[in-house]
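One structure is given below, encoded as structure tokens.
The values are calculated or read from the model by the stated rules, or taken from the named source; none is laboratory data. Everything numeric in this text was worked out from a predicted model, so none of it was measured. Neighbour counts run over all protein chains shown; Cβ positions are idealised from the backbone, glycine included. Heads up: the accessible areas ignore ligands, DNA and RNA and are worked out on the full protein's heavy atoms, side chains in. Shrake-Rupley method; radii C 1.70, N 1.55, O 1.52, S 1.80 Å.
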Amino acid sequence: MMLELLVSALVTIFVVQVLRLIFSDCDLTLQWAEMFGRSPERLKGKVVWVTGASSGIGEGLAYRLAEAGCRLILSARREQELNRVKKNCLARYGGVQEGDILVVPLDLVQRGTHQQAVDTVITHFKQIDCLVNNAGRSQRALWLRTSLEVDKECLELNTLGPVSLTKLVLPHMVQRKQGQVVVVSSVAGKFGAPGIGSYCGSKHALHGWFESLRIEGYDDNIKITMVCPGPVFSDALKAAFTEERGEGLGVEMRSSENRMATDRCAQLIAVAMSNRLDEVWVSRNPELTYCYLFQYFPAIARKIGVRLGQTRYRKVKAGNASLH
Ligand SMILES: NC(=O)c1ccc[n+]([C@@H]2O[C@H](COP(=O)([O-])OP(=O)(O)OC[C@H]3O[C@@H](n4cnc5c(N)ncnc54)[C@H](OP(=O)(O)O)[C@@H]3O)[C@@H](O)[C@H]2O)c1
């Protein structure tokens with residue numbers, strides 16, 4: 001009798017977990033944190049610097065953090081768009097005032113300008129509690145057709161840009177013995193995929209850099225939160241790198257695509273921040289299940305990945321399918 005009860009309890013738990021996985025849009029730890037952990041409102045008053053805040057996920061995150069009462073630094077290259085985001089924050093959320101949101105235009109590739117940007121922020125707010133390295137560009141191009149210049153551009157923006165800015169922000173956090181660095185990677189930072197080789201490489205590299213910092217920053221109370229989104233609605237396909245240097249893909253996402261809403265992604269990132277989680281997967285299925293498979297059964301996941309990826313790769317190579 002006891003054994004039957006135990007077995008049925010275990011089966012129930014297993015079925016519930018499988019259902020939670022199928023219908024979820026994030027990993028189980030993040031789900032748990034959203035249900036029972038600290039809400040993003042606990043970030044009220046924190047000084048948070050969001051790069052790539054002029055569109056997409058960064059813009060959505062700026063709104064969610066403004067709603068939570070954070071003081072914000074908004075950065076990207078397009079100052080006009082940043083001012084639009086700031087205006088929206090002030091109009092929508094009464095908890096933030098004009099002086100609580102600072103627009104700091106910044107090109108992540110122009111590393112020589114980063115120190116000046118950090119100085120501007122420190123002069124205004126005196127501290128930085130959290131840096132969200134979100135800015136980045138995706139890519140659509142086959143590996144062999146991609147020029148090495150594109151590989152370099154991708155690394156310069158997606159990897160060295162965040163590393164450079166973090167190196168300059170970190171001393172201020174270390175001095176105060178507190179700080180959080182959020183890195184918006186991708187599920188493409190966890191496993192490979194056809195047609196986005198340079199992007200995958202640049203996102204995988206982020207994990208190496210920041211997982212090392214996680215260990216070195218521990219004594220100074222520096223928390224690293226790696227965020228791995230799956231497909232999310234944004235302007236990512238407009239700006240994505242292609243095969244040749246200087247090109248943008250120029251494609252609009254269609255509303256029918258299986259992607260997460262931008263504000264939902266922002267909410268989940270904000271939960272990951274307020275709960276100071278180590279790494280989160282923010283994605284619908286099938287990518288979410290593939291993350292689990294790749295994490296716990298890499299050999300099986302690679303076999304599936306190669307099989308499915310090959311079919312798509314051959315079609316693209318033959319010109320019978322597009323990469324987006
Ligand atoms: N959307 C997705 O499906 C998805 C999935 C996984 C991961 N991600 C990651 O999420 C992050 C945000 O992307 P998104 O999807 O929100 O795309 P997005 O709408 O195109 O936003 C990209 C942001 O990065 C900024 N940026 C681009 N180049 C820059 C540069 N040289 N210097 C400073 N800022 C720069 C852009 O602003 P300016 O043009 O004004 O500079 C923009 O604010 C990226 O790291 C991306 O890899 C996205």
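Values as computed for the structure displayed
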read-out	value
Radius, Kirkwood style, for the chain when every pair of distinct Cα atoms is counted (Å)	20.6
Whole-number percent relative contact order across the chain, with pairs defined as alpha carbons under 8 Å at least 6 apart	21
Top of SER255, SER164, SER24 by mean-square fluctuation, Gaussian network on the chain, Cα under 10 Å	SER255
Span from the region 111-167 Cα centroid across to the region 301-318 one, whole angstrom	31
Kyte-Doolittle mean at least -0.5, axial Cα span of 30 Å or more - DSSP H helices of the chain	2-23
Neighbourhood net charge (12 Å Cβ-Cβ; Lys/Arg +1, Asp/Glu -1) for ALA205	-2
Length-normalised contact order for region 171-254 - Cα pairs under 8 Å, 6+ apart - percent	32
Cα pair distances of region 190-286 binned at 10 Å [whole percent]	13, 36, 35, 14, 2
Net dipole in debye of region 198-287 [+1 Lys, Arg Cβ; -1 Asp, Glu Cβ; about Cα centre; nearest 20]	280
Karplus (6.51, -1.76, 1.60) ³J(HN,Hα), θ = phi - 60°, over region 128-139, in Hz, Gly and Pro reported as x	10, 7, 8, 10, 9, 7, 10, 4, x, 10, 7, 7
Accessible-area order (highest first, 1.4 angstrom probe) of the listed residues MET35, MET1, MET273	MET1, MET35, MET273
Equivalent ellipsoid semi-axes - Cα gyration tensor, region 258-324, angstrom	29, 18, 7
With DNA, RNA and ligands ignored, accessible area of PHE233 (1.4 Å probe; Å², nearest 10)	50
Area of LYS152 that stays accessible when all protein chains are in place (1.4 Å probe, Å², to 10)	110
Euclidean distance between Cα centres, region 212-235 to region 248-265, Å	23
Greater than 26 Å apart at Cα, pairs in LYS46/LYS87; LYS190/LYS315; LYS167/LYS223; LYS46/LYS177; LYS87/LYS152	LYS87/LYS152
Solvent exposure, largest accessible area first (probe 1.4 Å, DNA, RNA and ligands not counted), of ILE304, ILE122	ILE304, ILE122
Amide H within-cut-off set for VAL182, under 5 Å, with H built and near neighbours excluded	LEU131, VAL132, ASN133, THR225
Calculated log₁₀ intensity ratio I(q)/I(0) where the Debye formula runs over C-alpha points of region 130-227, q = 0.18, 0.20, 0.22 Å⁻¹	-0.77, -0.90, -1.03
Cβ-defined net charge surrounding ALA261, 11 Å radius [Lys, Arg +1; Asp, Glu -1]	+1
Per residue, in Å², the accessible surface of the chain once ligands and nucleic acids are set aside, probe 1.4 Å	50
5 angstrom amide H check on ILE196, placed H, neighbours 5+ away	ALA141
Solvent-accessible ranking of THR51, THR311, THR262, largest area first, probe 1.4 Å	THR311, THR262, THR51
Accessible area of HIS172 in the full protein assembly, 1.4 Å probe (Å², nearest 10)	50
